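Report on the following structure.
The values are calculated or read from the model by the stated rules, or taken from the named source; none is laboratory data. Everything numeric here is computed off the predicted structure, so don't read it as measured data. Neighbour counts are summed over all protein chains in view; Cβ atoms, including those assigned to glycine, are modelled from backbone coordinates with ideal geometry. Remember, those area values only see protein heavy atoms, side chains included, never the ligands or the DNA or RNA. Shrake-Rupley method; radii C 1.70, N 1.55, O 1.52, S 1.80 Å.
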Amino acid sequence: MESDSGEGEERVPLRERAEWKDVTPVPQDDGPNPVVPIKYTEEFAEVMDYFRAVYLSDERSPRALSLTAEAIHFNAANYTVWHFRRLLLESLKVDLHSELEFVEGIASGNSKNYQIWHHRRWVAEKLGPEARNNELEFTKKILSIDAKHYHAWSHRQWVLQALGGWEDELNYCTELLETDIFNNSAWNQRYFVITRSPLLGGLKAMRESEVLYTVEAIMAYPENESSWRYLRGLYLGETTSWVNDPQVSSVCLKVLSSKNSYLFALSTLLDLICLGYQPNQDFRDAVAALKTSDLDKEDIDIARNICSILERVDPIRANYWIWRKSRLPQAV
């Protein structure tokens, strides 16, 4: 049976355990004159000395597996230990369901450690579709603590593609966005689902309903860049459709007319105009209403006016908007 982390009881040194009497530990060789020697704890150094011994002799035994658990508890980022552990799991034909529990315990304090996720994917891949629900729940648990956890999202996407589980994923994304509409990771996952799920028919099939969903999100929080980016992504590869869809220009006009959090509405309108959209008088009036005295009141070029307004209301990217204005054709 594997050793735990030693919590709740005093750890017995390996040299004092009867089952390790026959093993000669192999010390770390840093050379004769190490420049910056690392001062390891006595416990860590001992575990690694014994690990090197079993690793070099390629000992495939339950005690070796137990030793890797101890080594991982001391340093969960040691790739060689994880690699050897996988060899042992296969050789000893260990129940991999228990291995998922082991990984979850390690992940509780090291969830952003790449080696843990690499190992967990290996285990889930070995178990196949039967691991699907468990893995989806595991990532949900991590994401409930950190909704933008990169490794958890990456693992979740792999599970969906390799093991399935698409049925409720769009609803899960909706739940996350209801909790935090600014969660760009949830928007990214939503896009992943509508473009990759074999159950939804692809981007074109989902566009109408997703545009409606996104427009509502924009009207509720027009300052949220993620929803504007998502709206643009719904027309991937179909720029003409994006420019000509009245739903896109309409949401821009509504936000501009509200005179509230209109930065992304303005920048979207600018992009539309640069791609051939012809704004009507309502747009011209809405943009004119956003002018201030420091802007050129006589400038009839709406695109130039938009750049001037953005230069003022988006000072962090002021130089970018100045550059955009310089690239506009001169009004005749």
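Filtering the range 126-153 to residues that are of a type in the set (Gly, Ala, Ser) and either buried (at least 18 other Cβ atoms within 10 Å of the Cβ) or more than 28 Å from Lys93 (Cα to Cα) (or both) leaves Ala131, Ser144, Ala147, Ala152. Could you please let me know if Arg317 is of a type outside the set (Phe, Trp, Tyr), modelled with pLDDT of 95 or more and assigned to a helix (DSSP H, G or I)? For Arg317, the condition - of a type outside the set (Phe, Trp, Tyr), modelled with pLDDT of 95 or more and assigned to a helix (DSSP H, G or I) - is met. Cβ-Cβ distances below 8 Å connect the following pairs, each with a first residue in the range 98-125 that is in contact (Cβ under 8 Å) with a residue 12 or more places away in the chain, a second residue that is among the hydroxyl-bearing types (Ser, Thr, Tyr) and assigned to a helix (DSSP H, G or I), and a separation of six or more residues or different chains: Lys112/Tyr150; Gln115/Tyr79; Trp117/Ser154. Is there a residue being touching a residue at least 12 places away in the same chain (Cβ under 8 Å), within 30 Å of Gly128 (Cβ to Cβ) and hydroxyl-bearing (Ser, Thr, Tyr) anywhere in the range 17-38? No, the range 17-38 contains no residue that is touching a residue at least 12 places away in the same chain (Cβ under 8 Å), within 30 Å of Gly128 (Cβ to Cβ) and hydroxyl-bearing (Ser, Thr, Tyr). Regarding the range 198-216, can at least one residue be identified that is within 22 Å of the chain's Cα centre (by Cα), hydrophobic (A, V, I, L, M, F, W, C) and open to solvent by less than 20 Å² (accessible area, probe 1.4 Å)? No - not one qualifying residue is present in the range 198-216. Please work out if Ala77 is open to solvent by 40 Å² or more (accessible area, probe 1.4 Å) and among the aliphatic types (A, V, I, L, M). Considered against the rule, which asks whether it is open to solvent by 40 Å² or more (accessible area, probe 1.4 Å) and among the aliphatic types (A, V, I, L, M), Ala77 comes out as yes. For the range 240-257, the count of residues that are farther than 22 Å from Asn184 by Cβ, among the charged types (D, E, K, R) and open to solvent by 50 Å² or more (accessible area, probe 1.4 Å) is nonzero. Kindly check whether there is at least one residue in the range 7-28 that is open to solvent by less than 20 Å² (accessible area, probe 1.4 Å), under 30 Å from His149 (Cβ atoms) and out of contact with any strand residue (DSSP E or B) (no Cβ under 8 Å at 6 or more places or on another chain). The answer is no, given that none of the residues of the range 7-28 is open to solvent by less than 20 Å² (accessible area, probe 1.4 Å), under 30 Å from His149 (Cβ atoms) and out of contact with any strand residue (DSSP E or B) (no Cβ under 8 Å at 6 or more places or on another chain). Within the set Leu263, Leu328, Leu275, the sole residue that is in contact with an Asp or Glu (Cβ under 8 Å, 6 or more places away or on another chain), touching a residue at least 24 places away in the same chain (Cβ under 8 Å) and more than 21 Å from Pro222 (Cα to Cα) turns out to be Leu328. If you check Ala71, Ala53, which single one turns out to be of a type in the set (Gly, Ala, Ser), touching a residue at least 24 places away in the same chain (Cβ under 8 Å), under 25 Å from Arg121 (Cα atoms) and open to solvent by less than 80 Å² (accessible area, probe 1.4 Å)? Result: Ala71 is the single residue among Ala71, Ala53 that is of a type in the set (Gly, Ala, Ser), touching a residue at least 24 places away in the same chain (Cβ under 8 Å), under 25 Å from Arg121 (Cα atoms) and open to solvent by less than 80 Å² (accessible area, probe 1.4 Å). So Ala76 clears everything in (1) in a helix (DSSP H, G or I); (2) closer than 23 Å to Ser91 by Cβ; (3) among the aliphatic types (A, V, I, L, M); (4) under 36 Å from the mean Cα position of the chain (by Cα) except one condition, right? Which one? All conditions pass for Ala76, except number (1).
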